[in-house]
Each structure stands twice: as C-alpha cells, then as structure tokens.
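Trainee: Please see the structure below; I have some questions.
FYI, it's all coordinate maths here, none of it is from the lab. Since the model is a prediction, treat every value here as computed from it, not as a measurement. Counting neighbours? That spans all protein chains shown, and the Cβs are built from the backbone with ideal geometry, glycine included.
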Amino acid sequence: MSAVTWSSIATDGAARTGWLETPHGVVRTPTFMPVGTRAAVKAVDSADLASVGAEIVLANVYHLMLKPGAELVARIGGLHEFMSWGGPLLTDSGGYQIFSLDPEIDEEGATFKSVYDGSRVHLSPEEAVGVQARLGPDIAMVLDVCVGLPAPVEEVEAEMRRTLRWAERCLQAHQQDDQGLFGIVQGGVDSDLRAESARETAALGFAGFGIGGLSVGEPADQRNSALEAAVRELPADKPRYVMGLGDTDGLLDAIMRGADMFDCVLPTRLARHGKALSSNGDFNLNNLRFEADDSPVDSSCSCHTCSTYSKAYLRHLIRMKELSAHRLLSIHNLHYTFQLIAGAGTAIEEGRFADYVKEVRITRAEGSA
RNA sequence: GUGGCCGUAGCUCAGCCUGGUAGAGCACCUGGUUGUGGUCCAGGAUGUCGCGGGUUCAAGUCCCGUCGGUCACC
C-alpha cells in the first residue's frame, strides 16, 4: 500500500474528480498547489493559505538544500513542522532548475551554480531523493530534465530518455514508506515521445505522475495534444500532475484532458506585479482607470481582499510599494484559482463540466471586452 | 548695492566651452512574465530650453538687456 493514493469520485468525459490521500491528509482533486519554493509562499503565511482554500503546498529541493539545508530542516522535525503547515506537502526535485539555471548535466547528475554565493552545487537523482527524505514531504518528485521549447527533437528525445534512466535510479534510492514518489513524463510537444515517456514511466510503478516540460513556451494546442498523448498511457487509478501550469485557460484545458494536480507561480507572481485574476477577465490594477474605482477586484469573490478593500485602495498600495499589496493581491489571486478549480470539481461531479468551461470563458471574455 | 553661480520634460539634471533635427535617469502611460531571484524586459507620451532683443543661412548654445532663485561680500 503506497503512502499516497488516488481514488475517483466521478468522471465527465476525460475530466475527473477524486480524493488524493496522503500521510498528512486528504486532498480533493483537481487541486492547485501554491508554490512555496523556499518553504514559503511569497507574501502569505500558512493561515492565509488555509483561508484561500489551499490543501497542499509545494516547496523546492534545490532551494531548500542550499538554504537552510536539508539537515537543518530534518533536525527541526521536517518541512511540515518547520513551516507550520499541517497539511500535505509536495517537493519539486530541482528538475526545473536544471532548465532555468542552465547547469552542466551529465549522466551522473547536474552541477549548478548556487544562486546564493555562486559556488558549485551537485545534484544527482539519488541526492534529490535523499534530500526529499530528509525534508519529509508527503510527495517527492524524481529528478528530471526539463527542456525549453522550441528545441530540436533529438535533444528532447535524449533528455526524455535520460529522465527515464534517472527515474529508475530515484525509485531504487527511495526508501520512505511514509512518502509517495512521483515519476515525471517528458518528451516536449512530440506525441510519440510523450507516449513513450508516459508508458515507460508508468511501467516503473510510481505513486503518481508529473507531466513536466510544458508551459515553457509552446502554443496551447501543442501543449494540449502532448498532454493527451501522455494521459492516454498513464494508469487511470494514479494522480496526474501537470507541472508549472496555472493560467485559467490552461487549467481548464488540462482538467478537461484528465489532469488532477497543478502548481504555478503565476497567481502569486502576478499579484506581486499588480495583476489581478478575475472571473470577469484579468486586469492590471496599475492601470489609471482604477484610480478612483471603489468596487472590489472581483464582485463575485468572497476572499478577504475582495470583501474588505477597493480597487482604488489596492492600486494605491501597489503604487506606494506597500508590502501589504503583495499579500492582499496574492490572497485574491490564489482564492480565484481555488474557486476555479473547486468549481471544476463540482461541475465534473454533476456531469456539466463542458458547460462550466464555456461559462467561465464567456464571462471572462465579456468582462474584459 | 556689488560680484559669482543657477534657470532645459512632472522631479533631479546633462547638453553651452567649439552654433547644425532637444536628451538621460526617475516618475508617468501600456504590454509581457507559467515545477519563483519581490524582478526584469519591451514599447509609449511629455518641452514657450525664464522672458525680450541682437548676431547668424541656422541660437538651448554666442552677445546685450531683463526677471526670478541662490551664495558671498559691503
């Protein structure tokens, strides 16, 4: 019996809703995981996360192994204790940093430059598993190689194969029976490579599957077909996690194709830059037209920010670079994202997911027109 | 009163010596950001060059006057 399991509640076409069971609690899927790279979701705290509807939070191996270090977190009692988050946690392995920080990669592992002092840091598949054993999240990810798109198909194929070899090594090294390990599907936007990667990764037998290497510059239709190709080869009774995806259209597209879990910096990063997500279409609160707008960011939103503050006030906070602007807009953007996802779950259960998607898109388009 | 310095974009200023399509930074107005470096990038709008006169083909720039600010000295 794996530490992490998933069971279906209902399906509607390819879309599905279910329960993800972890050592630290049960999560309703589809779900969104706010990104707390350094054991902190920027600008908000664990009480804020609970208030916006977060059930599972993400943190990052590469960043935490540098500061404060996995040993220190372990000594304090693990990541849950350290960050005072009692619910489920997932840690990303550092695979994305292989993509974004341009390290040297060989078959053994990757060598990065520390973002803190420039020193060389080594990370192998086994080390990534070891760090995650000490951090103690409910779900650990294998170390994968994510390729930026567009890229030559030879490169995409080579790194997909390397990811498979590394996945086997991660599985070998993984000893934690109180922690689920997820494999990661790669293969760019090539359907054959995606299918092969999914099939081979599934055959290794993980508790769940990340679908990585998407939302890295490819058009939406290519992303969607790559996702379909991967999902076709993945077991129906295991969770599917589309890594790094978090815009409204992308989430709906992916849920429609059978994805269960997501994470993305977008809601919180946009918040720090003054951009608001809204059921009536997203907008930039910096815009002059909100200078004297005394209405809330989203009149149909029940979050702390929308029930307390006006657009005019939030715009003022943003322009004055008040720190509270980051928190208040992050709370709203996260709440918006959870509302969207929860609405999708309910719609799937009631067998009206297609109508839900249509409704969300029409309301957003009309509002921004 | 005398002498020096200053007056150019909303702000701080460069350009003046050596005349040749008025500039920078910030601010302002937009857009971008997807397994996070609270950034960064891209685009845009903005002028009575204090005012008046003179020289010149041509003056923000040179000359004369004048107004305002500022400092020093009487």
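Trainee: Quick one: 3J(HN,Hα) in Hz for region A:270-287, Karplus 6.51/-1.76/1.60 with θ = phi - 60°, rounded, Gly and Pro as x.
Mentor: With coefficients 6.51, -1.76 and 1.60, one gets 4, 4, 5, 9, x, 9, 10, 7, 7, 5, 9, x, 6, 7, 9, 5, 5, 4 Hz.
Trainee: Could you list which residues have their amide H under 5 Å from that of A:Gly210, counting only those 5 or more apart in sequence or on another chain, with H placed in the peptide plane?
Mentor: A:Gly183, A:Ile184, A:Val185, A:Tyr241
Trainee: Where a Cα-Cα gap under 28 Å defines reach, which lysines qualify for A:Lys113, not counting those fewer than 8 residues away within the same chain?
Mentor: The reachable lysines, counting only those whose Cα sits under 28 Å from A:Lys113, are A:Lys42, A:Lys67.
Trainee: In addition: Please turn the phi angles of region A:306-319 into ³J(HN,Hα) values with the Karplus equation 6.51 cos²θ - 1.76 cosθ + 1.60 (θ = phi - 60°), one per residue in order, whole Hz, x for glycine and proline.
Mentor: Karplus-based 3J(HN,Hα) across region A:306-319 equals 5, 7, 10, 10, 8, 4, 4, 5, 4, 4, 4, 4, 4, 5 Hz.
Trainee: Using the Cα centre of chain A as the reference point, and only Cβ charges (+1 on K/R, -1 on D/E), how large is the resulting charge dipole? Debye, rounded to the nearest 20.
Mentor: Computed about the Cα centre, the dipole is about 1040 debye.
Trainee: Exposure proxy check: A:Asp178, A:Asp282 ranked by fewest other beta carbons within 10 Å?
Mentor: By the 10 Å Cβ count, ascending, the order reads A:Asp178, A:Asp282.
Trainee: From the phi of every residue in region A:236-244, what ³J(HN,Hα) in whole Hz does the Karplus formula 6.51 cos²θ - 1.76 cosθ + 1.60 yield, where θ is phi - 60° and glycine or proline is x?
Mentor: Values, residue by residue: 6, 9, 10, x, 10, 10, 8, 7, x Hz.
Trainee: Please report the antiparallel percentage of DSSP beta bridges with both residues in region A:1-70, rounded to the nearest 5.
Mentor: Taking every DSSP beta bridge with both residues in region A:1-70, the antiparallel ones total about 90 percent.
Trainee: Right, something else. Considering only DSSP beta bridges with both partners in chain A, what is the antiparallel share in %, to the nearest 5?
Mentor: 45
Trainee: Distance between Cα centroids, region A:145-160 to region A:245-283: provide it in whole Å.
Mentor: Using only Cα atoms to place each centre, the spacing works out to 25 Å.
Trainee: I'd like the distance separating the alpha-carbon centroids of region A:167-226 and region A:301-369, in whole Å.
Mentor: A separation of 30 Å, based on Cα centres.
Trainee: Another question, if that's okay. Quick one: which residues, 5 or more positions from A:Gly244 or on another chain, have an amide H under 5 Å from its amide H? H modelled 1.01 Å from N in the peptide plane, none for Pro or chain starts.
Mentor: Amide H neighbours of A:Gly244, under 5 Å, 5+ apart: A:Asp263.
Trainee: Exposure proxy check: A:Ile362, A:Ile105, A:Ile139 ranked by fewest other beta carbons within 10 Å?
Mentor: Sorted ascending by nearby Cβ count, the order is A:Ile362, A:Ile105, A:Ile139.
Trainee: While we're here: Enumerate the amide H contacts of A:Gly78 below 5 Å, restricted to partners 5 or more residues apart or on another chain; note that Pro and chain-start residues carry no placed amide H.
Mentor: Distant-sequence amide H within range of A:Gly78: zero hits.
Trainee: Let me ask another. Starting from the Cα gyration tensor of region A:109-178, take the square roots of the eigenvalues, sort them a ≥ b ≥ c, and report rounded, prolate or oblate (rounded when a/c is under 1.5, otherwise prolate if a/b is larger than b/c, else oblate).
Mentor: oblate
Trainee: Please work through chain A and write down the cysteines that have no neighbouring cysteine Cβ at a distance under 4.7 Å.
Mentor: A:Cys146, A:Cys170, A:Cys264, A:Cys303
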